[in-house]
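Bear in mind these aren't lab numbers, they're just calculated from the coordinates by the rules spelled out. Keep in mind that this is a model prediction, so the values were computed, not measured. Heads up, the Cβs are rebuilt from the backbone with ideal geometry, glycines too, and the neighbour counts pull from every protein chain shown.
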Amino acid sequence: MELQGQLDGFQKRGLGVAALSYDSVEILKDFALRRHITYPLLSDPESKIIRSYGILNDVDFPKGHALHGLPFPGTFVTDAQGIIRTKDFEPTYQERRTAASFLISRGDAAHASVRETRNDQFALRTSASNAEAAPGHRVTLVLDFKMAESMHAYAPGVKGYRPLSLQLVENPLVTLHEATYPPSRPFIFEPLRETVPVFEGEFRILQDVTVIGPARGAAPVEQIDLAGTLLFQVCSDKVCYAPSSMPVQWSLKLLPLDRERVLEALRKKPQP
Amino acid sequence: MILASLLLVAAQAATAERPDPMTLGPAVGQPLIAFEARDQTGALRNLDSLKGLNGLALLFFRSADW
């Protein structure tokens, strides 16, 4: 799983990692060997724990279905006291947020699809949580800004200036989620006696996308290119630049759906 | 025709009953529910033996084989 590659990031944050499924110990052992998984894979063969958590998926896999017993996939992250601090369950069972995307939501740097640009107003590093993703994966596109000394960019909600805004081009291979902007700060511009919301210093915009992949029967796709425009206007208390824009882009290698299975003899028998 | 209507009704019922998975299970601010389970080595694990210094990321995944 993609999680194995992100294990360091979790360990650096002092977070233990475990993944639970309804598979037998034998299936999990085989899976761990094939995929070189070192973190605990937990076996809940009768879905007792899944039921106790109230996350049994009996909508898609009702009683009698060969896959009855599967959970809605998702993640709980606790603090040191064991209290749940983050809960992440996607709307359908085919989707999940990647581990790298989770770590980015906690402030980690992103290392895929990196591009850097700089002008008089700011330095911008664009990156993505994952270099590759399969259909159903929710990944994060990242824009890390470092404003030039004494410069500020206008934040959403501003009147009379162009607010910072990421506008991604719709792409049939992905679903776009709402971009997340950091909290803005009020900037008081004395000469005009106005107070406006701005971004200053270093800040980050996050844009999640869920990979859909090509439609059934459509030609295979190896790479997803995501393009967009960044709209902005930057000023200091002395100079004010005209409203402007710049192109931004990311690329993501599209992985096929994972269909590799264990040996027939190890496979799970449907639950009654 | 009757069958088609029945299927349509069933499909609508299924759509209506689909829960938002975020509303299922323990909520943010609550503790994880304690359990014991065997890991891939056969060792019995519980929440205490799984957590790190700052907490635990517990994933529920579909299956290692499907």
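Averaged over the residues of A:35-42, the number of partner chain Cβ atoms lying within 10 Å of the residue Cβ comes to 5.
Pop the C-beta distance of residue A:60 and residue A:170 into the FRET formula with R0 = 35 Å and round what comes out to the nearest 0.05.
0.80
The 3J(HN,Hα) values that the Karplus relation (6.51, -1.76, 1.60; θ = phi - 60°) gives for region A:189-195 are, in residue order, 9, 4, x, 9, 6, 10, 10 Hz. Gly and Pro appear as x.
Note on region A:40-105: along the principal axes its Cα atoms extend 39, 24, 20 Å, ordered by decreasing extent. Listed from fewest to most Cβ neighbours within 10 Å, the set B:39, A:120, A:60, A:30 follows the order A:120, A:60, A:30, B:39. Amide H contacts for residue A:15 (H built 1.01 Å from N in the peptide plane; partners 5 or more residues away or on another chain; cut-off under 5 Å): B:54.
Sorted from longest to shortest, the spans of the Cα atoms of region A:5-47 along the three principal axes equal 33, 22, 9 Å.
For the segment B:40-51, counting C-beta atoms of other chains within 10 Å of every residue's C-beta and taking the mean gives 5. Backbone phi angles across region A:166-172, fed through the Karplus curve with coefficients 6.51, -1.76 and 1.60 (θ = phi - 60°), yield HN-Hα couplings of 9, 10, 7, 6, 4, 9, x Hz in residue order; Gly and Pro are listed as x. If Lys and Arg each add +1 and Asp and Glu each add -1, what is the summed charge of the other residues whose beta carbon sits under 15 Å from the beta carbon of residue A:154? Net charge in that neighbourhood comes out at 0.
Of the trypsin sites (Lys or Arg not before Pro) found in region A:39-148, those that fall in a DSSP loop while having at most 15 other beta-carbon atoms within 10 Å are A:63, A:106. Between 0 and 90 degrees, the angle of helix A:25-35 with respect to the longest Cα principal axis of chain A falls at about 50 degrees. Rg then Dmax, both in Å and based on the Cα atoms of the protein assembly as shown: 23.3, 78.
Projecting label points 7 angstrom from Cα along Cα→Cβ for residue A:227 and residue B:41 puts them 5.1 nm apart. Exposure here means at most 12 other Cβ atoms within 10 Å; with GluC sites (Glu not before Pro) in a DSSP loop as sites, the longest stretch of chain A lacking them is A:47-148.
Among A:147, B:22, A:246, the ranking by other beta carbons within 10 Å of each residue's beta carbon, starting with the fewest, stands as A:246, B:22, A:147.
Other protein chain C-beta atoms within 10 Å of residue C-beta, averaged over A:58-71: 2.
Computed from backbone phi with θ = phi - 60° and the Karplus coefficients 6.51, -1.76 and 1.60, the 3J(HN,Hα) list for region A:205-221 is 10, 10, 10, 7, 9, 9, 6, 9, x, x, 5, 3, x, 6, 4, x, 10 Hz; x is used for glycine and proline. Ranked for footprinting exposure by Cβ neighbours inside 10 Å, fewest first, A:76, B:35 give B:35, A:76.
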